[in-house]
1. Taking the stretch 215-239, which residues are open to solvent by 90 Å² or more (accessible area, probe 1.4 Å) and assigned to a strand (DSSP E or B)?
2. Given the residues V683, V614, which is the only one that is farther than 30 Å from Y524 by Cβ, in contact (Cβ under 8 Å) with a residue 40 or more places away in the chain and over 60 Å from the mean Cα position of the chain (by Cα)?
3. Determine, yes or no, whether R373 is out of contact with any helix residue (DSSP H, G or I) (no Cβ under 7 Å at 6 or more places or on another chain), open to solvent by 70 Å² or more (accessible area, probe 1.4 Å), under 30 Å from P864 (Cβ atoms) and of a type outside the set (A, V, I, L, M).
4. Go through the stretch 580-596 and give me each residue that's over 14 Å from Y627 (Cα atoms) and in contact with a Ser or Thr (Cβ under 7 Å, 6 or more places away or on another chain).
5. What tally of residues in the stretch 303-320 results from selecting those that are surrounded by 10 or more Cβ atoms within 10 Å (Cβ to Cβ) and either hydroxyl-bearing (S, T, Y) or in contact with a Phe, Trp or Tyr (Cβ under 7 Å, 6 or more places away or on another chain) (or both)?
6. Hey, K816 hits all of (1) more than 25 Å from Y371 (Cβ to Cβ); (2) open to solvent by 60 Å² or more (accessible area, probe 1.4 Å); (3) modelled with pLDDT of 90 or more but one; which does it fall short on?
7. For the structure I just gave you, tell me whether T827 is among the β-branched types (V, I, T) and farther than 18 Å from A872 by Cα.
8. Scan the stretch 285-313 and report the pairs whose first residue is polar (S, T, N, Q) and whose second residue is outside any strand (DSSP E or B), with Cβ atoms within less than 8 Å and a gap of 6+ or a chain change.
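The values are calculated or read from the model by the stated rules, or taken from the named source; none is laboratory data. Since this is a predicted model, take the numbers as computed values, not measurements. In this analysis, Cβ positions are derived from the backbone assuming ideal geometry, glycine residues included, and neighbour counts consider all displayed protein chains. With ligands, DNA and RNA removed, areas are computed over all heavy atoms of the protein, side chains included. Shrake-Rupley method; radii C 1.70, N 1.55, O 1.52, S 1.80 Å.
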Amino acid sequence: MKNFLFLCFLALVSVSLFPQAPPPERINYQGVLRDASGNPLQGNFSMVFRFYNSQTGGTLLWEETYDLSHLPQINVSNGLFSVQLGDISHKTAGSEINFSNVFSKYSDVYLGVQVGTDAEMTPRIKVISSAFSQNANTFDGRESDYFLNTSSTTQTKTGKVIFNATGSNYGVEAYGMTSGGYFKDNDGSGYASIGISDSGIRAYGNTEGGYFQDLDNLSTARVAYGNYGVYAQGNTSGGYFQNTTAGGTAYAYLGYLNGTLYQGIYAQGSSTGGYFKDADNTGYAYVGYGDRGIEAQGNEVGGYFRDSNGTGLAFIAFGNIGVQGEGSFAGGYFHDYDGTGYTYAGYGDTGIEAAGNYQGAYFYDFNSSAYSRVAYGDRGIEALGNETGGYFKDADHTGQAFIGYGDLGISSSGNSAGGYFKDLDSSGYAFVGYGDYGIDARGNTAGGYFYDIDAFSYAKVASSGFGIEAYGNDAGAYFKDLYKTGFAYIGKEDTGVEGYGNTAGGYFVDSNNSGYGQVGYSTYKIQGNGTVSFVQNHPYEKDKVIVYAAPEGDEVATYTRGTGRLINGEARIKLGETFKWVTNPDIGLTVYLTPVGQWAELYVEKKSTDEIIVKSKDTNSNSVFDYIVYGLRIGFEESSIVQEKQIESYIPSFKDHRERYKKYPDFIKYNALERFKNMEAEVKGISKDQIDLSKAIALKEAIHEYDPEKDPPVEKLFGHNLPEEPSNEITEEGIKEEGIQNAPIVVEKEIKEENKKEIIREEKLLKEEEDLSCFVVYGQTEEGDVVVMNIQNGSSLVLSNKEYDKMVVGVVSDEKKCTNGKVYVKTSGVAYVKVDANIKEIKRGDLIVTSQSLGYGMKGENAPQGTVIGKALENLEGGTGKIKVLLMAR
């Protein structure tokens, strides 16, 4: 049967041995009706009872129907029902006219039962001798002395006696001084007293005290059998007990076949399935109590379990321990029915080893505000919580870490370092939040390596001879000050460094010599306290270079130069075409003329930024001359020469030059001071030592040359805190497997409260000013739209329109508002997502990827890396709609 389970009894009502009292042509049929899960049923049910002359096939002898057309139906109360078969008014088919013929004409009769529209139950039930006793209505020619009489004389009967007290309450009623009845077998090895002393029955035997068996041998029970008080077995259950005063709500099966489950005890009651206690009440247990499977308590332990050889044992509620298990193989082992999920506790050298088709382990609190999955998909641990995804702390509280905390991936702190990571062979390791360093990392190949998922950009830190080696489609690197307006690109397109800032595009300082230069500062391309120089290889000495400095003056000058010739004492010279575009045409023009080849008396008759006219008093002169024209650069005439001091601008230290001269003494003759001293000495006919340089020395001292040995450090002069060299080097020998042994202890610096408030205020202003989750999205959007990167313009997004798109970014959300026409796009956390379930039904836990439907996601199977939007938190059987999705990093 698919929908119902039966436990049935078949019995003849009663049969008289005398012909004047013919037996009723009825058979009483009792049974228990349950659903497919083994639960007792209640109510009226339609049933059909059929008698056959064969267990399978054969002839239909008699059929009775109890349904709405042949009322009444069969009433079932708490699973129990009873019916007297043989009622001609319910007969609906069969070859026999009289019900008694079914048993008088056939030696083998089988009963088949059908409930409702179910198929007839199999196998059919064989009807045994009790029913055939309907034919015991003759004496078979026996004399009356073959029968017992009612006299007081003791009588002996050599054959068996059958009593049928029709109309009375008892078949046999007997009284005696010792017992009401006494029965034994021929050899006296088995005997029983009925109504003996205060016992209803007291029975003894070599094998057992009592033995009971049903007629078809499907169930037996032995009482006082061997070492058992009761030993019973049956097709459905070894034993069944019910409390009638509880309205049938309390009952128990022993040795019960429940569907396909073989159960030692199956018990049910309004209060509890079972209750067990010891004699002094110090230990007791409820089984199936309230919402608990077992509730047990005891002075020593709530529960104690042990295998027969003692190699595995478990204590439950033992002292301060919930469960303590021990075993040769593992402390504990748990698995589901199909074995796809299992857990070992105390397994080998492992505390817990768990595995499952879906995940290794799943933990959550009762309100589901926090949960954690272990060995889930391709993740070791996936955890989520209202406050933090994970929190870890050592015993003395000096080291702790929050994972998935607020807007932070990891927030950790410790006396030595915030975090410490290394590979198995210790060739690469990193300290996070170590001393005054954010990250202190080392490795055989690089100190750090970073790349985005699509491998369009990556960076190596401390790689070979490079501090940072970075590559990217837009630029090798991008740096920005969070609280200011300065930012710089490094390796952008064909430019090495491209920098921007309110004060300067770039700022460079030599910390040893105090030399500095500001690039893109105010109206200056470069401003600093050193020289602007170019370097050129020495043409003849391959180990040397020539270093020239650019001329400097009190103006921003332009110049053009060339060679001209007088024709009949006059020359009209067109200046370079671009000179007039960059030079002030009204003031500041200066022209120098130098005759070439021979002396000539030359003068400038007219000058402009476009042309100069050169003449000579000798109108026949055809002299050649060189010229140079200086002018003021247009727009820079008002450049301030004297300014307020913003940066200490000493003469940079010439220590490195002097060190060079010590190493290469012959280099000194090439510098400007030596050349002019030699020229001055030669002109005046004196030695170089006699030249008076006192004014130059006084001017130099007034300006001051930076002395790194005496003057304050450069970082104090320029108002910057440059990074210090590490004072305690970490070596491989200083790091052991069990942890960090000799790392210096970091003492947190005190931060003034006003500085903290200022930082918080600036961060708040920054977030209000620019939210990195706001994007330009082309097309009309609404909450839940799935968006991907626009391959035509990497800074904007478009609605998704193809399956498993690796360019997926996130989902449009109404949680925040953006300005300038931008849209807030959520990339993590829980969000509503538009999905299309017409493609595939979506169930809770399914991965969601992009689909061909514009802006919609769908269920993803075997999704490639980088294509997953998130994990469905709700079901959608079909159609389109919005469901909650846990967004995941791509």
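1. Step one: list which residues in the stretch 215-239 are open to solvent by 90 Å² or more (accessible area, probe 1.4 Å), which gives 215, 217, 227-228, 230, 233, 235.
Within the stretch 215-239, Y228, V230, Q233 meet the criteria.
2. Details: V683 fails: in contact (Cβ under 8 Å) with a residue 40 or more places away in the chain.
Just a single option satisfies the conditions, and that option is V614.
3. On the way: out of contact with any helix residue (DSSP H, G or I) (no Cβ under 7 Å at 6 or more places or on another chain): yes; open to solvent by 70 Å² or more (accessible area, probe 1.4 Å): no; under 30 Å from P864 (Cβ atoms): yes; of a type outside the set (A, V, I, L, M): yes.
The answer is no for R373.
4. Just the residues of the stretch 580-596 that are over 14 Å from Y627 (Cα atoms), to begin with: 580-588.
K580, V582, T583, P585 - these are the residues of the stretch 580-596 that are over 14 Å from Y627 (Cα atoms) and in contact with a Ser or Thr (Cβ under 7 Å, 6 or more places away or on another chain).
5. 5
6. The number of the failed condition is (3).
7. Numbers: among the β-branched types (V, I, T): yes; farther than 18 Å from A872 by Cα: no.
Spelling it out, it is not the case that T827 is among the β-branched types (V, I, T) and farther than 18 Å from A872 by Cα.
8. These pairs meet every condition: N299/T282; T311/S328.
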